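Reviewing the structure listed below.
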Amino acid sequence: MGRPYPDDLRERVVAAIEAGHSRVKVAELYNMALSTVGGFIKRKRETGSVSPDKFGGYKTFSLEQHADLVKELVAEQPDSTLAELQVRLAKEKVKVSQSGISRFLHHINLTFKKKPPCSRTRSARRRRGP
């Protein structure tokens, strides 16, 4: 994924439009798409600035503020499913998706796995031999 255009280039594009040049000419002059030029103009009109929004970085988890509750619920029933945990969180007025729960449990290093199956006896076919 590319990086946003620098602010000085954005400002020059907007200044050229404000000076009376057409969007098509400005797009050709700066070698960029017409929609990009339109986006710069729109951003300037709506926000008063041509600077881009935050790009990349760390995204917080919606369950971060409920970490203690999640740990408590998992400790009470360690073999419950994500759907069951979602319902129990909803009863506590916490609305979150199952995938959000899964990502958060992974983030706090809580394993959320079912118990391994019991070792069964081998099938009759295997016991007989070749």
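The values are calculated or read from the model by the stated rules, or taken from the named source; none is laboratory data. Keep in mind that this is a model prediction, so the values were computed, not measured. Quick reminder, even Gly has a Cβ in these numbers, built from the backbone with ideal geometry, and neighbours come from all protein chains shown. SASA here: full protein model, heavy atoms, side chains in, ligands and nucleic acids out. Shrake-Rupley method; radii C 1.70, N 1.55, O 1.52, S 1.80 Å.
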Where the centre of each part is set by its Cα atoms, how far does the stretch 78-113 sit from the stretch 1-62, in angstrom? 40
Quick one: divide the alpha-carbon radius of gyration of the stretch 44-95 by 2.2 N^0.38 Å and tell me what you get. 1.85
For E72, what accessible area in Å² do you get when you roll a 1.4 Å probe over the heavy atoms of the protein chains, rounding to the nearest 10? 100
Which value in nm describes the separation of the simple spin-label points at D7 and H106, placed 7 Å from the Cα toward the beta carbon? 3.6
Provide the FRET efficiency to the nearest 0.05 for the A33-D53 pair, computing r from the beta carbons and using R0 = 30 Å. 0.95
